[in-house]
1. Identify all residues within segment 177-220 that are out of contact with any helix residue (DSSP H, G or I) (no Cβ under 6 Å at 6 or more places or on another chain) and in a strand (DSSP E or B); write none if there are none.
2. Given the residues ASP277, ASP233, ASP209, which is the only one that is of a type in the set (Asp, Glu), buried (at least 17 other Cβ atoms within 10 Å of the Cβ) and farther than 27 Å from GLU302 by Cα?
3. State whether one or more residues within segment 12-19 are touching a Cys at 6+ places or on another chain (Cβ under 8 Å), more than 30 Å from TYR248 (Cβ to Cβ) and in a helix (DSSP H, G or I).
4. Are there any pairs, at least 6 apart or on different chains, whose C-beta atoms fall under 9 Å, with the first in segment 229-243 and under 16 Å from ASP11 (Cβ atoms) and touching a residue at least 24 places away in the same chain (Cβ under 8 Å) and the second assigned to a helix (DSSP H, G or I) and among the basic types (Lys, Arg), and if so, which?
5. Being farther than 29 Å from LYS270 by Cα and without any contact (Cβ under 8 Å) to a residue 12 or more places away in the chain narrows it down to one residue among PHE62, PHE115; which is it?
6. All but one of (1) of a type in the set (Val, Ile, Thr); (2) farther than 23 Å from SER295 by Cα; (3) in contact with a Phe, Trp or Tyr (Cβ under 8 Å, 6 or more places away or on another chain) hold for THR128, so report the exception by its number.
7. Taking PRO258, is it under 25 Å from CYS88 (Cβ atoms), in contact (Cβ under 8 Å) with a residue 12 or more places away in the chain and in contact with a helix residue (DSSP H, G or I) (Cβ under 6 Å, 6 or more places away or on another chain)?
8. How many of the residues in segment 156-176 are assigned to a loop (DSSP other than H, G, I, E, B) and over 22 Å from TYR79 (Cβ atoms)?
Amino acid sequence: MSFLEEFEKYDWDTITEKIYAVSEIEVRNALRNKKRNLEDFLALISPVAKPFLEEMAQESRFLTRKRFGNTMQMYAPMYLSNECQNICTYCGFSMTNKIPRRTLTDEEIIKEAMFLKAKGYEHILLVTGEANKTVGVPYLQNAIRLLKPLFSNISIEVQPLKQQEYELLIQEGLYAVLVYQETYHEATYKTHHPKGRKSNFRFRAETPDRLGKAGIHKIGIGALFGLEDWRTDSFYTALHLRYLQQKYWKTKYSISFPRLRPHEGEVQPKIEMTDSDLVQLICAFRLLDEDVELSLSTRESEVFRNNVIHLGVTSISAESKTNPGGYTVEPQSLEQFEISDERSTEEIAMMLQKNGFDVVWKDWDKIFIF
């Protein structure tokens, strides 16, 4: 069984109708429950739940502190390549965009890595476009080998791979993989991914299954908000999370909340997700699952991030560059998307400390038993 078999039990329009038909009583019942299920989550992301946002926020904050304490994990993305074989309407790296393409060499990878290491980072996220020949498994294996001596935790956000390919990368020291479905509405997905391997909705949807079978330590999932109704996409994200947790119970999970940002080759959001909508969703995920990691990137504004760090988020990035070589090698190369919170790593760390957080750069060590 794969997630697609579970996915096909649900109808997008029916789920959407249920979300918008939720009653106030259903929201109150969801808030009252101690262990919440997908029906409760559906109620908590509904428009009717908006007046209960303060109560949701207080519960979310309590559950987060109970499970994670006053900690906030810091990570940094490191873009290795902007070469891509896909057409994606919302992405600056899309094959149709006439931009200079660049893939970092070994020397350039180390130069970028040393910059981030000097900032204190131990958790690094390697990002590429989807170009199998240029930045395929051999390139990723080499990058992990180069960086493993420098960082305690290496994650990737690249093209979906086969199970055996993930197993090879895990052997090199890969810790986590982030793979976003973008939208769970299959027809809309096809509209925004008309060409390239990413156009295969089903192969992408089954990627976390392949990761679970490969024995990855952590899987990150999510939707790109703006392509479809954020509430329905979020329900399917929660459905995906629950399925994975039950089947691959040894694996850890994280949820991210990217909203469409300006980029080269711009597409306007189909449905705008407001700041209060995003707060509601973050709280709803925490009320659904007190153990799942919730991550917020520099896509979001300084003011917004300053406020939501108290409400359920457990990891954030800082000083991010979304272009290959953006830290030191080629700062002016084209970004995948514009960031919003442009504060330095030091400023973010200081802000967190002033708000009572312990900034976590490294949260585990390998223990060797002789």
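The values are calculated or read from the model by the stated rules, or taken from the named source; none is laboratory data. The model shown is predicted, which means the values in this text are computed figures rather than measured ones. With ideal geometry, Cβ positions are generated from the backbone for all residues, glycine too; neighbour counts draw on all protein chains shown.
1. Those that are out of contact with any helix residue (DSSP H, G or I) (no Cβ under 6 Å at 6 or more places or on another chain) and in a strand (DSSP E or B): LEU178, GLU182, LYS195, LYS218, GLY220.
2. Being of a type in the set (Asp, Glu), buried (at least 17 other Cβ atoms within 10 Å of the Cβ) and farther than 27 Å from GLU302 by Cα holds for just one of ASP277, ASP233, ASP209, which is ASP209.
3. Within segment 12-19, none of the residues are touching a Cys at 6+ places or on another chain (Cβ under 8 Å), more than 30 Å from TYR248 (Cβ to Cβ) and in a helix (DSSP H, G or I).
4. PHE235/LYS18
5. After ruling out the rest, the residue left standing is PHE62.
6. Going through the list (1) of a type in the set (Val, Ile, Thr); (2) farther than 23 Å from SER295 by Cα; (3) in contact with a Phe, Trp or Tyr (Cβ under 8 Å, 6 or more places away or on another chain), THR128 breaks only (2).
7. No.
8. The qualifying residues number 1.
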